[in-house]
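Peer 1: Before I ask anything, here is the structure I am working with.
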């Protein structure tokens, strides 16, 4: 990770960590960089945004930076991250930019950059961009006269994306009552449009964004509201999205949460039954629940584990030609249809399984038993030194041996803090606590422990 860009773009508190000046400079760099590749025409960059108040400021700043170098900025306005990815790759844009801080509170914001095929931008190019942000702003020339770029309304791009989503469903959703929690974010219009077009009886909540209510006690990070709604209105299924709609969690007809691990299992099993899972593999992160692996073992589907982050999941999928992967949080990638997690595609795929099998979601999800999990964060003096310490390694090995096939432990680094995350999954919470505490005790004995952070 760089100074500004992490695994999911440039993100921070709006006006503090991420300023309008940053956005303007990012636009200038992108317009200049891609403009160099064009001789007979101009570079074209597409921009989308979520519903945060600050997103409008960043949209204007990005567009001004792009056009100041002679490139054209196309505005999708409020739309989802996967929509920007789709439009970038299908409409021959040089790159795409999504203004969003995903599931974060409204006062944060971010800029996610995508290459010409809608994948997350290469680290090397982002390193060049970071160097420009800290360098001479006048190192990039200014366009003048008729060479100044244009800002173009591209609202029609959203409609093309909606049309694409509706084309993915193989059957009508008629006779199904579906609740959507749009998190007062990017999906607030698109979600209803898609499910209405597919024939569902659609119930929508948290679809009145005001610039400061995105993700506030709603959406995939606060799914309890959707659980209550599903129970009270007796709908067949509910789907909860995050602020930019690249995540989706579900709620079954009984009001129980169906997380990303459940969703990957349900869809992978169905794809295998249809002969549409050629690699017979699901790509997960190391944080997927042990219960998912046990369930996949039972039906003979393999799995791979990556570092935490949908970027790493996608890279593994692309390199090894796997078709489904994701995270427990609801970032699920169907690589046949998208180059990023897409909450609406996830919902459509899950609906397809329900309709094909004629089974309620509660039955489909019941095959995955989630193991209890305990996670504690510990502040240490040296993350790598702690991981390499013989006392700590011995404790991890002992816990792993004692749990055997009935659980697991995991010790991993935070990407941004001097913190290690100690996690255990086992048959009971008591066993989880015992193993986590045993590893923390070893960290303490090793002399590396500073404090156990409060959750």
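Peer 1: Just name the residue that is surrounded by the most Cβ atoms within 10 Å (Cβ to Cβ) out of those in the range 214-233 that are in a loop (DSSP other than H, G, I, E, B) and on the phi < 0 side of the Ramachandran plot.
Peer 2: The extreme case among them is 214.
Peer 1: Inside the range 404-439, can you point out the residues that are buried (at least 20 other Cβ atoms within 10 Å of the Cβ) and assigned to a helix (DSSP H, G or I)?
Peer 2: Listed by number, the residues that qualify are 431, 432, 435, 436, 439.
Peer 1: When you scan the range 303-320, do you find a residue that is closer than 30 Å to residue 254 by Cβ and at pLDDT 95 or above, even just one?
Peer 2: Checked the range 303-320: at least one residue is closer than 30 Å to residue 254 by Cβ and at pLDDT 95 or above.
Peer 1: Another one. Mind listing whichever residues of the range 380-425 are within 13 Å of residue 447 (Cα to Cα), in contact with a strand residue (DSSP E or B) (Cβ under 9 Å, 6 or more places away or on another chain) and touching a residue at least 40 places away in the same chain (Cβ under 8 Å)?
Peer 2: Within the range 380-425, 380, 381, 386, 392 meet the criteria.
Peer 1: With surrounded by fewer than 19 Cβ atoms within 10 Å (Cβ to Cβ), closer than 20 Å to residue 55 by Cα and in contact with a helix residue (DSSP H, G or I) (Cβ under 6 Å, 6 or more places away or on another chain) as the only criterion, which of 211, 157 stands out?
Peer 2: Residue meeting the stated conditions: 211.
Every residue, every condition in (1) farther than 16 Å from residue 99 by Cα; (2) without any contact (Cβ under 8 Å) to a residue 12 or more places away in the chain, yes or no:
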position	(1), (2)
6	no, no
36	yes, yes
43	yes, no
48	no, no
67	yes, no
73	no, no
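Peer 1: What are the residues in the range 270-279 that are assigned to a helix (DSSP H, G or I) and in contact with a helix residue (DSSP H, G or I) (Cβ under 6 Å, 6 or more places away or on another chain), if any?
Peer 2: Listed by number, the list holds a single entry, 270.
Peer 1: For the range 174-208, give me each residue that is under 23 Å from residue 83 (Cα atoms), surrounded by fewer than 17 Cβ atoms within 10 Å (Cβ to Cβ) and in contact with a strand residue (DSSP E or B) (Cβ under 7 Å, 6 or more places away or on another chain).
Peer 2: Correct list: 196 only.
Peer 1: Which residues, counting only those in the range 280-307, are surrounded by 18 or more Cβ atoms within 10 Å (Cβ to Cβ) and out of contact with any helix residue (DSSP H, G or I) (no Cβ under 6 Å at 6 or more places or on another chain)?
Peer 2: If the condition is that a residue be surrounded by 18 or more Cβ atoms within 10 Å (Cβ to Cβ) and out of contact with any helix residue (DSSP H, G or I) (no Cβ under 6 Å at 6 or more places or on another chain), then 281, 284, 285, 287, 290, 291, 293, 296 are the ones that fit.
Peer 1: Right, something else. What's the number of the condition residue 216 fails, among (1) out of contact with any helix residue (DSSP H, G or I) (no Cβ under 7 Å at 6 or more places or on another chain); (2) under 20 Å from residue 353 (Cβ atoms)?
Peer 2: Of (1) out of contact with any helix residue (DSSP H, G or I) (no Cβ under 7 Å at 6 or more places or on another chain); (2) under 20 Å from residue 353 (Cβ atoms), only one is false for residue 216: (2).
Peer 1: Right, here's the next one. Which condition from (1) closer than 30 Å to residue 119 by Cβ; (2) surrounded by 15 or more Cβ atoms within 10 Å (Cβ to Cβ) is the one that residue 361 breaks?
Peer 2: (1)
Residue by residue, here is whether (1) assigned to a loop (DSSP other than H, G, I, E, B); (2) in the same structural domain as residue 97 (by TED's automatic domain parsing); (3) more than 21 Å from the chain's Cα centre (by Cα) holds:
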position	(1), (2), (3)
194	no, no, no
207	yes, no, no
235	yes, no, yes
243	yes, no, no
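The values are calculated or read from the model by the stated rules, or taken from the named source; none is laboratory data. Because the structure is predicted, anything quoted here is derived from the model rather than measured. In this analysis, Cβ positions are derived from the backbone assuming ideal geometry, glycine residues included, and neighbour counts consider all displayed protein chains.
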